[in-house]
Amino acid sequence: MAKNAIALSRIEAVAPDQSALGAARKLLVDGKWPQLERDAEHRFLWGACQGSGATPYRVVVEIADLGAKCSCPSRKFPCKHSLALMWWFAERPDRFAEGAVPDWVNEWHGRRRHTGGEDKGASSGGPPKSARAAVAEANAEEAAPRDPEAAARQRERNRAARELSIAQGLDELDVWIDDQIDRGLGTFGARAAEQCRLLARRLVDAKAGGLANRLDHLPTVYFRTPEARRHDVLLEQLGALHLLARAYRQQSQLGEALVSDVRGGVGWTLTREELLTGSGTLRRHRARWTVLATRRELQPDSLMRFETFLAAPDSSEVRMAMLLDFAPAAMAASAGPGLVAGTELDAELAYYPSATPLRAIVAAQHASQIAAQAPAPTDDLKAAIDRYDALIAVNPWISDWPIAFRDARIELSQDGQCWAVDRDGACGVPLAGEHAQVLLDLDDVALYGTFDGRELTPLAANSALGPFWSSHA
Amino acid sequence: MTDEEQARVSDEPSLERARIGLRHTLILGTSQRPLEVPRWLAGENPRAGRLALVAALGLRSRFDHPVPPPHLRRAGLKHEAERLMSREARAALRRVYGAKKRSVPRAVTLRIIDVLAERGLSLHPFDFPLLTDLLATNDAALDRNARMWRALTSGNTDNAAPPDAIDDANWTDLKPAERAAYLRQRRRAAPAAARELLAATFSGETAAVRAQLLEAMAVSLSGDDVEFLRGLATDRADSVRTLARRLTSRIAGTSEFDERMSTAHERLELKSVGIIGRKKVLMPKLPKDLAEAKVYAWLSDSFAGVSTTLLAERLKLKRDVFVEALVDERLRALFLANALSLDEHDTALAIAAALEPLEARRVAAGARDALAALEPTHRRAFWNAFAPALEAGGALEERCVFAAELYEILRVPPPSALLDPAATGKPFKRWLEALTNDANRDQPEVAEIAIVLADRAHRAAWRERLNDVPPATASTALALADLFDALDLQSNKTT
């Protein structure tokens, strides 16, 4: 092996999650790297990676411990650019020109050592001064090479520091929610964007990225809700945030699966390796999965979020799954999960641990073919809504959730709203989405859609006119 | 059960009853209206109690689901699975309109709509969201569900359903252009009944619609219409009064007719030109001080609606000589429109056949409404009439562009010979060379028009030719070839 080579397994180990690795892989293109260099001693790699902006990101990696720094705004550490730089070196070391270590690399390295020493004392002598310090400690402690036992102790200390930081973030969140109640939900709209952004930043500092995302998204949820329902939706959102904070503090009283939901909601992530080997993971479920739809949504952090919904017939119901992928917005046209609605996959999925398992990854794929239609649901509309309610009772943090029901007819209300109703018209859901009207006047429809408790956005349907795949429309 | 648990159970109904009040308090803000939280919920910490209450109320709200309104209704779409395009045709159609790189030529879209209508096939409703360019034409030949979808998605959820069959009872529900087309059709079959239909609703229409509908009276005009037309002399719109006078002047035996024929005769100058003076030329006697901007109005006032046959008789010219003598393009355009509207088809065909390529495009565009109003059998003949102009252009792109323009007007397929690959070999090679030599040149519409207007046998040859065309230029044309092949296959299976 070449001097100070980087094994791919090491890169996989430091990657924050599978999507970061996937995104890094897409950066292994010559044209994206105007600069790739290393020093003569093989201590550092550095380069410039062209992102979506005009100025390339500056990336540096210390080969010994894979400590990294990038000028991109990603909240992930290491980011995809850092991972890509490591990956380039692992696969094509000849691409790196030898050069003198630039000042900015030396400065970073100096800071890194300096911070590491300072925080070492802090962590041994008591709690860190602030959340930022805890994060710095986590980064700094990564830097030092050590034996496995020492590394395990280090990870435990990092974890403890993050828990402390999150605890502080949760307290801030509660104060913030109480402040909103004090001021009144009626005036929330006027201050929503600024207030949510401020708290989201603090929660990022507190390493509670999941909560930060919820806060970031809250103004969007609030303003896209019809005015008459905004207060209720806001109440639900604030209530869910507090409930999440409270549940996090009382994890010992929760079941193992729900703890996974709570920790995931706050911001803890699982790597693909952890997911496939972890004790909380459901067994891999092999089935003939029908790809119902792929949705894309641009997030506030400029990442495109891809949700792919799958369904497979199970013993007494339809089993659902959702694959989640991310890609930079600039690359969204060519990126994405690569699964086409209306395809049937013979595949094994591994679910993320959850009290209400839905998110999954494809553990193994065996074959694919065009699906004749989506699997036939067993529930009628009322049963599907009851099932949704039962899921909320178990996991109150679910929101848009895929449901499926049979025997629906699609009609119009007097105000022009599309509704899916059961045969006797007693139970119904309004349909959202710009394409719901294509289902109008159809009877005996088996409908798949995501339900938020108030509206159903169609994903796919079986009808007398054949299968409907919303992603094709 | 502990005392605390007992307190919770007994308090839950009261929490539910107080929900609305609590919600109101939270909207106002606790600084405005203090919140009383049950002790079992608040414990020793008032803030924790408030937050717990928010969580409880928020969670409870999650279980509120909408209830369907009592009067749901059908939108009026008619789903006939057996009439839907085949899966293969749908896939090809989505390739044509799904690429979104550029818009599909209107003639191509109209040809697709017409072929579907001829074969009694419908677009699949599930494809509507992808076919916005096609649906945007809102053409009368577009299938019923597609037109309804367009109305529904543009917010018109009331009376979006067009009638299944148009008759005298429901024709007023149509759009003005469709009503005029229906009136023309009725005039051909039963002129008197059509006139009565028009008279029954005429006064309630706007001036623009009255004029548009009155134009339809030009079909099968006869002495029976004189009374109705003269009755419009008191119409409140000048445009309607003028049009009624002009229509009356087309009816032989009326004083208006005689006056108009005399005026037309007087305003034409017949000259003999050429070395031996055997060639006749007809020129308008334009007033010397007439401004250029007013020439067309003067010509129209002098000759619009005048019978070419009767005018030729007055000038003592045979029809062919009369047509040959129309050397002024403006006169040719006017007399073509006159011949078309007065059912003098042979004259109209003779005028069309005498046109040069560029002039033919202008004249055809000018006579668009009159050509479009013809019966399909008559419209078909105009492909042959324009054939000399179509073929004289030489370049394939000119031929295809003019053919596309004519198709938009005539809406019947061209004769097989027009796009016979054997007859277009050289123009095709020249076009291909131009594409190859000029990297910036991109004329996909040429290939697309050729594919959709060629008949079935020639389409296969055109598809072969596309193998030589750069893929980016040929991609939509190839999708169109797949579409038409799939539609042919579906029609064969059905028959």
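Roughly how much accessible area, to the nearest 100 Å², goes out of reach of solvent when B and A pair up, both sides summed, probe 1.4 Å?
So the buried area, both faces added, is about 4800 Å².
Give the aspartates and glutamates reachable from B:LYS493 as a straight Cα distance under 14 Å; neighbours fewer than 8 places away on the same chain don't count.
B:GLU82, B:GLU88, B:ASP485
So for the protein assembly as shown, taking the charge dipole from beta-carbon charges (+1 Lys/Arg, -1 Asp/Glu), which of A:TYR388, A:ASN106, A:THR308 sits furthest toward the positive end?
Value: A:ASN106.
Under a point-charge model restricted to the Cβ atoms of Lys and Arg (+1) and Asp and Glu (-1), what is the dipole moment magnitude of chain B relative to its Cα centre, in debye to the nearest 20?
420 debye
If you roll a 1.4 Å probe over segment A:150-266 with all protein chains in place, what percent of the accessible area is carbon or sulfur?
About 50 percent, which is the carbon plus sulfur part of the accessible surface.
Where Rh denotes the Kirkwood radius from the mean inverse Cα pair distance, what is Rg over Rh for the protein assembly as shown?
1.09
Please give, to one decimal in nm, the separation of the simple spin-label points placed at A:ARG387 and A:ARG25, each 7 Å out from Cα toward the Cβ.
Between A:ARG387 and A:ARG25, the label points sit 3.2 nm apart.
Restricting attention to the alpha-carbon atoms of segment A:383-471, what are Rg (one decimal) and Dmax (integer), both in Å?
12.6, 37
Treat every Asp and Glu Cβ in the protein assembly as shown as -1 and every Lys and Arg Cβ as +1, leave all other atoms uncharged, and give the resulting dipole magnitude about the Cα centre to the nearest 20 debye.
1560 debye
Could you provide, to the nearest whole Å², the per residue accessible area of chain A with probe 1.4 Å?
About 44 Å² of surface per residue is accessible.
Relative to the compact globular guide of 2.2 N^0.38 Å, what is the alpha carbon radius of gyration of chain B, as a ratio?
Taking N as the residue count of chain B, the ratio is 1.44.
May I ask you to derive the FRET efficiency for A:GLN365 and B:ALA460 from their Cβ-Cβ distance with R0 = 30 Å, giving the value to the nearest 0.05?
0.15
Considering only protein heavy atoms and a 1.4 Å probe, what is the carbon-and-sulfur percentage of the accessible area of segment B:385-430?
Taking all protein chains in place, segment B:385-430 shows 58 percent carbon and sulfur surface.
Pop out the carbon and sulfur fraction of the accessible area of segment A:383-471 as a percent, whole number, probe 1.4 Å.
46 percent
Place a point 7 Å from Cα of B:ALA141 in the direction of its Cβ. Which residues in segment B:82-115 have their backbone N less than 11 Å from it?
B:107-115
Regarding segment B:212-253, what's the average projected area of the Cα-atom convex hull, expressed in nm²?
2.7 nm²
Out of every Cα-Cα pair in segment A:275-410, what percent are more than 23 Å apart?
That tail contains 39 percent of the Cα-Cα pairs.
Can you say what percent of the DSSP beta bridges in chain A, counting only those with both residues inside, are antiparallel? Round to 5.
If I count the DSSP bridges inside chain A, around 95 percent turn out antiparallel.
What distance in nm separates the simple spin-label points at B:ASN45 and B:ARG319, each placed 7 Å from Cα in the Cβ direction?
10.1 nm
Using alpha carbons only, how many angstrom separate the centre of segment B:431-471 from the centre of segment A:346-395?
After rounding, the separation between the Cα centres reads 48 Å.
In whole Å, what is the distance between the alpha-carbon centres of segment B:404-418 and segment A:186-222?
When both Cα centres are located, 61 Å separates them.
From the mean inverse distance of alpha carbon pairs (Kirkwood) and the Cα radius of gyration, derive Rg over Rh for segment A:150-266.
Here Rg/Rh amounts to 1.03.
Mind jotting down the distance between the C-alpha centroids of segment B:177-204 and segment B:288-362, whole Å?
Each part reduced to its Cα centre gives a spacing of 28 Å.
Give the calculated FRET efficiency between B:GLU329 and B:GLU88 to the nearest 0.05, with a Förster radius of 45 Å applied to their Cβ-Cβ distance.
Computed FRET efficiency for B:GLU329 and B:GLU88 comes out at 0.45.
Just which residues of segment A:406-422 lose 40 Å² or more accessible area with every protein chain there, against their chain alone, with the probe set to 1.4 Å?
Checking the loss per residue gives A:GLU411, A:LEU412, A:GLN414, A:TRP419.
Could you give the C-alpha radius of gyration of segment A:47-97 expressed as a fraction of 2.2 N^0.38 Å, taking N as the number of residues it contains?
Rounded to two decimals, the normalised Rg is 1.10.
When the helix-only estimate is applied to chain A (DSSP H runs of n ≥ 4, each -39,500 (n - 2.57), divided by the residue count), what is the mean residue ellipticity at 222 nm, nearest 500 deg cm²/dmol?
Computed mean residue ellipticity for chain A: -13000 deg cm²/dmol.
Where nothing but the Cβ of Lys and Arg (+1) and of Asp and Glu (-1) is charged, how large is the charge dipole of segment A:150-266 around its Cα centre, in debye to the nearest 20?
480 debye
Any residues in segment B:115-146 that have 30 Å² or more less accessible area with all protein chains than in their chain alone, probe 1.4 Å, and which are they?
SASA drop of 30 Å² or more in segment B:115-146: B:PHE126, B:PRO129, B:LEU130.
Below 8 Å between Cα atoms, with a sequence gap of 6+, how large is the relative contact order for chain B in percent?
Worked out over chain B, it gives 12 percent.
Quick one: Kirkwood hydrodynamic radius for segment B:165-273, alpha-carbon pairs, angstrom, one decimal?
With all distinct Cα pairs of segment B:165-273 included, I get 14.8 Å.
What's log10 of I(q)/I(0) for chain A at q = 0.06, 0.07, 0.10, 0.11 Å⁻¹, Debye sum over Cα points only, no solvent?
With one equal scatterer per Cα and no solvent, log10 I(q)/I(0) is -0.31, -0.42, -0.85, -1.02.
Among B:ALA200, A:GLN373, B:GLY49, whose Cα lies farthest out toward the positive end of the dipole of the protein assembly as shown, if unit charges sit on the beta carbon of Lys, Arg (+1) and Asp, Glu (-1)?
Of the candidates, B:ALA200 comes out farthest on the positive side.
Would you mind getting the accessible area per residue of segment B:167-312, heavy atoms of the protein chains only, 1.4 Å probe, in Å²?
Ligands and nucleic acids excluded, the figure is 52 Å² per residue.
How far apart, in nanometres, would the label points at B:ASP133 and A:ALA330 be if each is projected 7 angstrom from Cα along the Cα-to-Cβ direction?
2.9 nm
Which is the longest part of chain B that has none of the GluC sites (Glu not before Pro) sitting in a DSSP loop with at most 14 other Cβ atoms within 10 Å?
B:81-495
The values are calculated or read from the model by the stated rules, or taken from the named source; none is laboratory data. All of these numbers come straight from a predicted model, not from anything done at the bench. Neighbour counts run over all protein chains shown; Cβ positions are idealised from the backbone, glycine included. The protein model used for the area step is the full one, side chains on, heavy atoms only, and it has no ligands, DNA or RNA in it. Shrake-Rupley method; radii C 1.70, N 1.55, O 1.52, S 1.80 Å.
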